[in-house]
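The values are calculated or read from the model by the stated rules, or taken from the named source; none is laboratory data. This one's a predicted model, so the numbers in the text were calculated from it and none came from an experiment. A quick note on method: Cβ atoms are made from the backbone with ideal geometry, for glycine too, and the neighbour counts reach across all protein chains shown. Side chains are part of the model used for accessible areas, which takes the heavy atoms of the whole protein and leaves out ligands, DNA and RNA. Shrake-Rupley method; radii C 1.70, N 1.55, O 1.52, S 1.80 Å.
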Amino acid sequence: MDYRPWSINKKKMLSINDLKAEIEGKKILNGLSLEVKAGEIHAIMGPNGAGKSTLSSVLAGRTEYEVTSGSVSYEGKNLLDMSPEDRAREGLFLAFQYPIEIPGVSTTNFLKTAVNEKRKYLGLDPMEATDFLKMMREKMDYVEMDKSLTSRSLNEGFSGGEKKRNEVFQMAMLEPKLCIMDETDSGLDIDALRLVSNGVNKLRNKDNAFLVITHYQRLLDYIVPDFVHVLYKGRIVKSGDKELAKELEAKGYDWIKQEVEANS
Amino acid sequence: MSDTQEVDIIDQVVSQEYKYGFSTDIEMETAPMGLSEDIVRFISSKKNEPEWMLEWRLKAYRYWLTLEEPNWQNFDLKPINYQDIIYYAAPKEKIKLDSLDQVDPELLKTFEKLGISLSEQKRLSGVAVDAVFDSVSIATTFKDQLYEKGVIFCAISEALHEHPELVKKYIGSVVPYTDNYFSALNAAVFSDGSFVYIPKGVRCPMELSTYFRINAENTGQFERTLIIADDNSYVSYLEGCTAPMRDENQLHAAVVELIAMEKAEIKYSTVQNWYPGDKDGKGGIYNFVTKRGSCEGAHSKISWTQVETGSAITWKYPSCILKGDYSTGEFFSVAVTNNRQIADTGTKMIHIGKHTKSRIVSKGISAGKSHNSYRGLVKINKRAENARNHTQCDSMLIGDRSGAHTFPYIEINNKTAQVEHEASTSKIGEDQIFYCNQRGIGTEEAVGLIVNGFCKEVLNQLPMEFAVEAQKLLAVSLEGSVG
Ligand SMILES: Nc1ncnc2c1ncn2[C@@H]1O[C@H](COP(=O)(O)OP(=O)(O)O)[C@@H](O)[C@H]1O
Ligand SMILES: [Mg+2]
């Protein structure tokens with residue numbers, strides 16, 4: 001079924017083991033486990049408030065969330081011990097559900113800083129300006145991003161679709177290993193959805209992996225997942241292949257909720 | 001972020017490093033401590049001044065004696081004991097030198113360390129520098145090349161001898177000694193500063209710059225700068241300054257006067273980085289400066305740009321008197337305060353001529369327990385037909401123990417005036433910082449990036465060579481202000 005030549009010998013990238021996390025005393029992740037290998041695409045679906053954004057925030061290292069137990073290993077390292085910026089420099093990327101605006105800082109300047117900080121961490125010299133601009137042009141094509149956007153203040157006054165495209169563009173620029181996309185599809189019209197998905201498909205290769213959080217199966221028509229997981233009340237309650245997404249689309253989440261209640 | 005975490009993070013406001021805090025060990029000649037007519041005479045005689053200059057100083061001194069220290073500020077100011085200050089300090093064996101080879105190597109090294117190279121080979125290309133060390137000008141670079149174009153750029157003490165008619169005509173013409181407490185004090189005891197004259201029709205071929213360094217203990221610095229741009233001329237001038245870290249407060253009370261004749265333009269930029277005191281507010285410079293420009297001629301323009309990061313207390317309102325019809329005044333300001341610093345800064349735009357325009361852009365950033373105020377006046381006189389002003393004041397808070405205040409005063413006496421004022425206050429967001437972190441940008445870097453973005457409009461006004469320096473300086477001043 002898996003047609004990709006690299007499916008043999010997959011490297012383990014991310015192992016989440018019985019992860020529990022809370023915010024302000026409220027338990028949100030309640031024993032979540034997940035394995036992701038290089039080259040894979042995992043879709044995470046689930047009703048509103050299930051903890052999907054919390055999972056992405058905890059993986060990215062937001063300090064508001066307290067991890068109370070469990071472990072996360074990323075590329076053989078203890079992810080939870082690392083600062084958010086080091087996680088990023090080690091190749092973890094989060095496409096935000098709500099991208100943040102930074103007035104007065106252009107996307108170009110922002111990315112130049114980000115790329116060079118990562119290079120510094122890896123012991124490399126800053127990128128030459130001409131090489132950087134060349135890379136910008138190349139990666140902008142991935143999501144057909146308008147050149148004028150990169151000189152404007154980061155995300156300021158961008159439409160919803162432009163913000164999401166900018167997230168995928170940044171992802172392309174930073175060449176991450178693990179890409180977490182938090183509802184990148186929400187609020188996109190069908191054309192923007194296709195652009196964003198095309199970008200992701202160009203980026204995927206045997207060495208990186210994607211965690212695609214979405215509400216809708218329609219995204220998964222473009223970005224075809226290897227696995228689909230249902231997150232409910234802070235745990236993965238069901239896993240399957242892309243057919244599961246179709247089933248959820250057709251039947252909603254109620255049957256899953258009932259299954260969970262029945263088993264508990 | 002929970003409250004306790006927030007407090008924790010802000011408690012880490014400790015690591016602010018002041019790079020320029022070293023002092024130079026050099027033999028000095030100083031006046032006895034304290035202030036009296038004799039001290040005024042002493043300073044004047046040190047400079048070999050003409051009689052009229054001494055008379056002017058004495059008048060200023062006697063006037064100063066009748067004044068009381070200002071007390072309208074919105075913070076406590078420890079009274080300054082003016083008898084505990086040394087009013088003149090100069091490195092020994094320095095008379096006026098023809099060549100830099102004769103400058104004490106200690107002094108050259110000092111300026112080298114401050115990033116200001118006075119030596120022939122390493123000079124910043126395209127920038128002429130006047131270096132002032134405590135009370136005297138040490139060296140002025142590129143003087144001869146400038147003189148070929150007719151541009152006069154020298155120490156004001158030298159101008160008093162070489163170009164007395166110009167000094168006599170213009171000194172005190174924009175900021176009279178009667179203007180305020182500190183301008184009176186400055187007129188009495190000023191010891192050096194820069195003098196610039198740009199003749200008619202000349203575009204000054206390079207940036208001019210003065211670098212002020214306070215070194216000696218217990219001294220005050222009272223420099224005086226006078227810039228005259230004759231008809232159809234242009235000059236861009238930059239001033240920078242630093243001081244050693246000392247536990248005592250030191251007073252800096254400068255006066256700057258700018259005169260722009262018909263169609264002349266003066267661009268005056270300041271990167272102010274006096275020692276700000278330590279994190280508990282001990283030590284630091286009191287920066288009480290009077291800066292004012294007069295747009296004398298029609299279609300003239302004066303533009304003030306300032307990046308204020310240093311000093312324990314800053315009080316300064318670079319202003320424009322718009323006399324000439326169609327003249328323009330601009331004020332672009334970034335003021336950053338951290339720890340216990342206080343900045344009270346802004347501008348006065350006095351519209352007198354017809355069709356005069358002014359623009360004010362003020363960006364205040366407060367971190368730690370500091371206070372940052374914008375105080376500005378826009379005044380439209382009766383016969384200033386069709387005057388326009390646009391004011392924009394933005395404040396950014398870092399943490400929740402700092403304060404930002406805005407005091408805009410507007411006086412309009414002509415119905416045709418158009419005056420607009422916009423103000424905003426924002427807080428540097430945890431969300432913004434996290435977003436940067438997630439892209440691999442560390443927190444200190446992120447704060448620098450966000451703050452520089454916030455100030456971009458103002459930084460864009462600086463000459464290229466200094467914009468980069470100013471950006472770094474902003475980041476350094478805020479080091480340790482966020483987790
Ligand atoms: N900062 C917060 N403070 C309190 N509750 C929060 C906070 N962030 C998220 N939650 C709660 O955690 C639960 C999971 O939220 P989230 O992870 O955003 O869900 P999803 O992304 O699956 O919609 C929700 O009940 C939400 O209200
Ligand atoms: Mg969410």
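Structure notes:
- Largest to smallest in accessible area, the residues A:215, B:161 fall in the order B:161, A:215 (1.4 Å probe, all protein chains included).
- Cα lying deepest toward the dipole's positive end in chain A, options A:216, A:198, A:248, charges on Cβ: A:198
- Mean projected area (nm²) of the alpha-carbon convex hull when chain A is viewed from all directions: 14.9
- Note on the stretch B:150-245: Cα-only Rg and Dmax are 14.4, 44 Å.
- Taking GluC sites (Glu not before Pro) in DSSP loop states with no more than 11 other Cβ atoms inside 10 Å as exposed sites, chain A has its longest site-free stretch at A:129-264.
- Interface between chains B and A: roughly 2200 Å² of accessible area buried, both sides summed (probe 1.4 Å, protein heavy atoms only).
- At 1.567 mPa s and 4 °C, Stokes D of the stretch B:257-410 from Kirkwood alpha-carbon radius, µm² per second: 83
- Rg over Rh for the stretch B:357-423 works out to 1.12, both radii taken from alpha-carbon positions and Rh defined as the Kirkwood radius.
- Placed amide H near residue B:412: partners under 5 Å, 5+ positions off or other chain: B:380
- Here the Debye sum runs over all C-alpha atoms of the protein assembly as shown as equal scatterers in vacuum, and log10 of I(q)/I(0) at q = 0.10 Å⁻¹ comes out as -0.98.
- Inverting the pair-averaged 1/r between distinct Cα atoms of the stretch A:84-207 gives 14.7 Å as its Kirkwood hydrodynamic radius.
- Extents of the stretch A:28-155, taken as max minus min of Cα coordinates on every principal axis and listed largest first, are 47, 35, 29 Å.
- Cα centroid separation, the stretch B:279-352 to the stretch A:207-264 (Å): 61
- In the stretch B:383-483, the ratio of gyration radius to Kirkwood radius, Rg to Rh, stands at 1.10 when only Cα atoms are counted.
- 1.4 Å probe accessible area per residue over chain A, in Å²: 45
- Put a dot 7 Å past the Cα of residue B:431, heading toward its Cβ, do the same for residue A:202, and the two dots end up 3.0 nm apart.
- Spin-label model, residue A:129/residue B:59: points 7 Å from Cα along the beta carbon direction are separated by 5.3 nm.
- Taking only Cα atoms of the stretch B:275-333, radius of gyration then Dmax in Å: 15.4, 49
- Under the convention that each Lys and Arg Cβ holds +1 and each Asp and Glu Cβ holds -1, the size of the dipole of the protein assembly as shown around its Cα centre is about 1380 debye.
- Computed over protein heavy atoms with a 1.4 angstrom probe, the accessible surface ordering of B:282, B:169, largest first, is B:169, B:282.
- Taking label positions 7 Å along the Cα-Cβ direction at both residue B:84 and residue A:249, the computed distance is 7.9 nm, reported to one decimal.
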